[in-house]
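The values are calculated or read from the model by the stated rules, or taken from the named source; none is laboratory data. Keep in mind the model is a prediction, meaning the values are calculated, not measured. As a convention, Cβ positions derive from the backbone with ideal geometry for all residues, glycine included, and neighbour counts pool all protein chains shown.
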Number of protein chains: 2
Amino acid sequence: MLVYKYPERTSWPSLLQRPVMDTAALETNVGNILADVKQNGDAAVRKYAQQFDKVQLQMLEVTSAEFIHAAAVLDADLKKAILQAKQNIELFHKAQQEAGKIIETMPGVQCWRKPVAIEKVGLYIPGGSAPLFSTILMLGIPAMIAGCKEIVLCTPSNAAGEVHPAVLFAAEQVGLDRVFKIGGVQAIAAMAYGTESVPKVHKIFGPGNQYVTCAKQLVNKSGVAIDMPAGPSEVAVLADETCIPSFVAADLLSQAEHGPDSQVLLVTTAGEIIEEVQKEVAAQLALLPRKDIAAQALENSRIILVKDTEEAMALLNAYAPEHLIVACKDDIGIADAVINAGSVFLGNYSPESAGDYASGTNHTLPTNGYATAYSGVSLDSFVKKITFQRLTKEGLQQIGATIETMAAAEGLDAHKNAVTIRLKYK
Amino acid sequence: MLVYKYPERTSWPSLLQRPVMDTAALETNVGNILADVKQNGDAAVRKYAQQFDKVQLQMLEVTSAEFIHAAAVLDADLKKAILQAKQNIELFHKAQQEAGKIIETMPGVQCWRKPVAIEKVGLYIPGGSAPLFSTILMLGIPAMIAGCKEIVLCTPSNAAGEVHPAVLFAAEQVGLDRVFKIGGVQAIAAMAYGTESVPKVHKIFGPGNQYVTCAKQLVNKSGVAIDMPAGPSEVAVLADETCIPSFVAADLLSQAEHGPDSQVLLVTTAGEIIEEVQKEVAAQLALLPRKDIAAQALENSRIILVKDTEEAMALLNAYAPEHLIVACKDDIGIADAVINAGSVFLGNYSPESAGDYASGTNHTLPTNGYATAYSGVSLDSFVKKITFQRLTKEGLQQIGATIETMAAAEGLDAHKNAVTIRLKYK
């Protein structure tokens with residue numbers, strides 16, 4: 001990790017720079033696959049499954065026999081852990097439910113908002129070396145709480161046409177019964193346009209590689225909503241002299257192991273901890289199965305020494321990290337200074353892993369600096385808040401002149417007339 | 001208006017089709033202007049102001065003398081109306097404030113969400129024939145309530161370099177003091193990238209023509225958030241035999257006058273009202289200053305007779321109108337069946353104009369079918385909901401095994417280790 005001591009503010013932009021993600025080069029290829037699936041449906045999906053995932057799929061949809069088998073073979077401890085995580089995630093996301101209260105802005109003028117579930121949503125869970133069943137909990141649970149009527153899950157199978165039992169168990173526990181063995185761009189296309197097997201949805205959620213990211217961007221442009229723009233995962237740790245360097249090192253490594261493009265940043269007000277953290281990073285890294293990946297990520301990672309907490313928070317708010325760990329004595333006070341971050345972990349006993357898996361908060365978060373303007377996934381991501389209003393005749397009499405005056409001043413006489421004609425009606 | 005009686009469900013998709021908006025053809029030109037402003041700042045902004053708005057701008061920012069002048073010359077009734085509307089919009093949007101409550105998902109595991117204002121936002125108000133001061137209220141009021149620290153407003157001036165006094169008065173009343181006389185693509189560019197005069201913002205709001213829409217899409221792709229995708233404005237009216245045909249006609253016309261591409265739809269269960277509504281439309285249209293525009297919009301508009309309310313709501317939910325007016329006896333009951341709409345107006349005395357100007361609800365709404373997945377602008381649009389968590393040592397002991405088991409099953413050992421190292425620490 002590169003160490004910067006008391007850098008000038010003018011150097012912050014270059015210090016905080018992220019690797020540039022550019023999917024423009026992929027757009028033609030990805031666009032062709034999208035168009036093919038839009039046109040040819042399941043046949044195109046099967047073709048790309050064969051081409052990219054080396055699997056010849058008969059049934060695209062997971063059967064109930066497969067769900068039963070998954071539950072039978074999955075390790076009991078893992079099942080217990082999934083159920084515990086589910087309980088916590090449910091508790092946290094249920095607390096986000098809102099009752100629409102009626103506001104009478106003037107006598108006889110009632111206005112309210114009502115959260116209404118997005119009717120049809122699609123969840124994408126990537127395949128690859130490990131089964132990302134935790135993301136099923138993070139997306140499926142709020143979708144179920146919201147009351148989405150049609151929830152489709154796409155995830156690639158292995159070459160034998162099987163989906164990992166942990167994925168199927170998690171899906172079943174959440175209540176997702178429509179799981180399709182489709183991965184990559186063809187999965188995004190199937191959910192965006194619909195095929196003979198896969199229902200078309202209004203919004204698509206979930207992580208993915210650069211092809212999936214590009215596909216989500218393209219279908220978003222053509223009218224399908226997506227959860228948020230994507231980017232490599234990242235953590236920033238703010239540590240003072242009360243931090244425990246081995247914990248800090250473990251947190252940095254838990255982000256670094258995600259991928260060679262992961263971003264890891266340590267900001268500290270305590271110069272004396274830097275060496276200790278670096279020693280711990282080296283020692284812990286050597287024992288990790290994914291040490292090659294983590295080592296690559298660490299090459300681009302930075303340790304920045306700043307003069308005080310205020311400067312630290314200015315720097316961190318400028319960076320807008322996806323995850324922010326505050327390992328400081330005054331962690332609660334510092335929390336108030338957070339303006340830009342996806343999710344914040346306070347104190348020495350709140351590792352990012354807690355939020356990644358089981359504490360209850362969502363792990364689908366804005367990265368790449370998007371935390372300046374975007375929130376992580378929550379119950380809100382699965383509902384629309386529709387406004388309603390009901391005016392009585394007396395209510396319209398109260399507010400009518402205001403509307404007429406404003407409409408006339410904007411040159412919209414028919415808008416004015418919609419009020420006038422009602423006021424004059426006997 | 002074209003009349004369709006009891007159309008088959010299979011014909012709904014073609015009946016409900018909207019004009020296709022395609023800004024792809026504009027992308028090169030718009031992209032060039034964006035790049036020029038990014039590179040050359042204020043000088044490029046001035047160049048395009050001269051080229052497109054025929055105005056030679058010295059100061060880009062509105063001065064306090066201009067605000068004072070605006071307040072002095074503006075009509076007293078209009079001022080009163082703006083203040084009344086402001087009061088109602090404030091009341092409705094303040095009620096959207098949330099206190100972040102702490103959820104203890106397990107003993108010692110505390111999680112909460114905190115709404116934090118987006119630090120820097122930009123509001124765009126188009127110029128053109130009429131001053132759209134109402135949109136300043138709709139965007140500026142929630143931005144102020146949210147507590148955004150930097151709120152920039154861009155709006156084009158006339159050829160004399162003046163901004164309409166109603167725009168300046170509304171801005172001042174809302175508390176917006178940074179108003180720039182910049183319009184079109186160059187305004188979006190200035191706010192997205194920043195110039196010598198205009199601060200760079202994280203999210204851009206506001207309506208605009210196809211060039212502005214295209215510019216918002218392009219800067220969104222490069223990382224600046226936008227309020228929502230745009231499209232022509234539209235209204236659907238659901239009317240039964242208790243509706244008042246002259247009111248329905250006035251509502252249809254108030255949408256039709258927006259522009260030749262406005263969408264107007266009347267769905268009714270009462271065949272007997274159709275002729276009366278058509279007569280009223282013709283009579284009222286003749287008296288409108290914007291009758292040519294409205295007449296064009298009506299050419300593409302439809303009246304659809306359906307067999308019952310259930311079928312009507314199925315059709316309307318498939319259409320997902322920006323505005324839905326329910327002029328029916330059981331308007332409250334029907335409200336419960338709304339799945340896809342931006343804003344809903346219930347009963348005979350709730351014209352769309354009420355929500356457009358003054359009842360309190362927001363008028364920046366999802367159109368073009370986006371109401372299937374998007375909400376209108378609200379206080380939520382100006383905040384991020386950041387999650388926080390704080391675990392005690394005992395809390396981590398409670399949840400530790402769950403995290404370790406899940407992380408190991410996903411093959412992420414460093415994630416597991418961030419917990420293990422803490423649990424083992426003495």
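When residues in the range A:364-418 are screened for being surrounded by fewer than 21 Cβ atoms within 10 Å (Cβ to Cβ) and part of a helix (DSSP H, G or I), 7 of them pass.
With respect to the conditions (1) away from every other protein chain (no Cβ under 11 Å); (2) in a helix (DSSP H, G or I); (3) farther than 16 Å from A:THR23 by Cβ, A:VAL185 lacks only one, and its number is (3). Any residue in the range A:365-378 that is farther than 21 Å from B:ASN220 by Cα and more than 7 Å from chain B (Cβ to nearest Cβ)? There is no residue in the range A:365-378 that is farther than 21 Å from B:ASN220 by Cα and more than 7 Å from chain B (Cβ to nearest Cβ). Could you tell me whether B:ALA358 is buried (at least 23 other Cβ atoms within 10 Å of the Cβ), touching a residue at least 40 places away in the same chain (Cβ under 8 Å), more than 7 Å from every other protein chain (Cβ to nearest Cβ) and among the small types (Gly, Ala, Ser)? For B:ALA358, the condition - buried (at least 23 other Cβ atoms within 10 Å of the Cβ), touching a residue at least 40 places away in the same chain (Cβ under 8 Å), more than 7 Å from every other protein chain (Cβ to nearest Cβ) and among the small types (Gly, Ala, Ser) - is not met.
Given the condition part of a helix (DSSP H, G or I), touching a residue at least 40 places away in the same chain (Cβ under 8 Å) and crowded, with 22+ Cβ neighbours inside 10 Å, answer yes or no: does some residue in the range A:120-132 qualify? Scanning the range A:120-132, I find no residue that is part of a helix (DSSP H, G or I), touching a residue at least 40 places away in the same chain (Cβ under 8 Å) and crowded, with 22+ Cβ neighbours inside 10 Å, so the answer is no.
Here are B:ALA225, B:ALA192: which of them is within 10 Å of chain A (Cβ to nearest Cβ), under 23 Å from A:TYR374 (Cα atoms) and small (Gly, Ala, Ser)? Don't jump to the end; show me each part of the working.
On the way: B:ALA192 fails: within 10 Å of chain A (Cβ to nearest Cβ).
Answer to the check: B:ALA225.
Does the range B:94-110 hold any residues that are outside any helix (DSSP H, G or I) and either within 25 Å of the chain's Cα centre (by Cα) or surrounded by fewer than 20 Cβ atoms within 10 Å (Cβ to Cβ) (or both), and which are they?
From the range B:94-110, those outside any helix (DSSP H, G or I) are B:95-110; that's our starting set.
Residues satisfying the conditions are B:ALA95, B:GLN96, B:GLN97, B:GLU98, B:ALA99, B:GLY100, B:LYS101, B:ILE102, B:GLU104, B:PRO107, B:GLY108.
Mind listing whichever residues of the range A:304-325 are among the β-branched types (Val, Ile, Thr) and in contact with an Asp or Glu (Cβ under 9 Å, 6 or more places away or on another chain)? Please lay out each step first, then the result.
Pass one, the range A:304-325, residues among the β-branched types (Val, Ile, Thr): A:304, A:306, A:309, A:325.
The answer is A:THR309, A:ILE325.
Residues of the range B:336-350 that are in contact with a Cys (Cβ under 8 Å, 6 or more places away or on another chain) and assigned to a strand (DSSP E or B): none at all.
Looking across the range A:196-214 at every residue that is surrounded by fewer than 23 Cβ atoms within 10 Å (Cβ to Cβ) and assigned to a loop (DSSP other than H, G, I, E, B), the one that is nearest to the other protein chains (Cβ to nearest Cβ) is identified as A:LYS200. Checked against (1) under 30 Å from A:TYR319 (Cα atoms); (2) free of Cβ contacts under 8 Å to residues at least 40 places away in the same chain, A:GLN51 passes all but a single condition, namely (1). Of the residues making up the range A:84-123, those that are of a type in the set (Phe, Trp, Tyr) and either at positive phi or at the interface with chain B (Cβ under 7 Å from one of its Cβ atoms) (or both) number 1.
In the set B:GLN278, B:GLN255, B:GLN217, which member is polar (S, T, N, Q) and surrounded by 24 or more Cβ atoms within 10 Å (Cβ to Cβ)?
Details: B:GLN278 fails: surrounded by 24 or more Cβ atoms within 10 Å (Cβ to Cβ); B:GLN217 fails: surrounded by 24 or more Cβ atoms within 10 Å (Cβ to Cβ).
Among B:GLN278, B:GLN255, B:GLN217, only B:GLN255 is polar (S, T, N, Q) and surrounded by 24 or more Cβ atoms within 10 Å (Cβ to Cβ).
Whether a residue is in contact (Cβ under 8 Å) with a residue 12 or more places away in the chain and surrounded by fewer than 22 Cβ atoms within 10 Å (Cβ to Cβ) was assessed, and A:SER350 does not pass this test.
Applying the selection to the range A:261-275, what residues are within 21 Å of B:GLY411 (Cβ to Cβ) and either within 14 Å of another protein chain (Cβ to nearest Cβ) or buried (at least 24 other Cβ atoms within 10 Å of the Cβ) (or both)? Show your work before the answer.
Filtering the range A:261-275 down to residues within 21 Å of B:GLY411 (Cβ to Cβ) leaves A:261-264.
Hits for the range A:261-275 are A:SER262, A:GLN263, A:VAL264.
Scan the range A:314-334 residue by residue and report those that are closer than 20 Å to B:GLN389 by Cβ and surrounded by fewer than 21 Cβ atoms within 10 Å (Cβ to Cβ). Within the range A:314-334, A:ASN317, A:LYS329, A:ASP330, A:ILE332, A:GLY333 meet the criteria. Is it the case that the range A:173-186 has a residue that's within 12 Å of A:GLU66 (Cβ to Cβ) and either small (Gly, Ala, Ser) or surrounded by fewer than 24 Cβ atoms within 10 Å (Cβ to Cβ) (or both)? Yes, there is a match, as at least one residue in the range A:173-186 is within 12 Å of A:GLU66 (Cβ to Cβ) and either small (Gly, Ala, Ser) or surrounded by fewer than 24 Cβ atoms within 10 Å (Cβ to Cβ) (or both). Only residues that are part of a loop (DSSP other than H, G, I, E, B) and of a type in the set (A, V, I, L, M, F, W, C) were counted across the range B:223-275, and they come to 6. Would you confirm, using the coordinates I've provided, whether A:VAL37 is at pLDDT 95 or above, assigned by TED's automatic domain parsing to the domain that holds A:ILE182, among the aliphatic types (A, V, I, L, M) and more than 28 Å from the chain's Cα centre (by Cα)? When the stated conditions are applied, A:VAL37 does not pass them. Restricting the range B:299-313 to residues that are without any contact (Cβ under 8 Å) to a residue 60 or more places away in the chain and closer than 28 Å to A:VAL224 by Cβ leaves a set whose member that is surrounded by the fewest Cβ atoms within 10 Å (Cβ to Cβ) is B:GLU310.
The rows are residues; the columns are (1) in contact with a helix residue (DSSP H, G or I) (Cβ under 6 Å, 6 or more places away or on another chain); (2) within 27 Å of A:ALA117 (Cβ to Cβ); (3) of a type in the set (Gly, Ala, Ser); (4) assigned to a helix (DSSP H, G or I).
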{"residue": "A:ALA44", "(1), (2), (3), (4)": "yes, no, yes, yes"}
{"residue": "A:LYS47", "(1), (2), (3), (4)": "no, no, no, yes"}
{"residue": "A:GLN51", "(1), (2), (3), (4)": "no, no, no, yes"}
{"residue": "A:ALA65", "(1), (2), (3), (4)": "no, no, yes, yes"}
{"residue": "A:ASP77", "(1), (2), (3), (4)": "yes, no, no, yes"}
{"residue": "A:GLN84", "(1), (2), (3), (4)": "yes, yes, no, yes"}
{"residue": "A:PHE92", "(1), (2), (3), (4)": "no, yes, no, yes"}
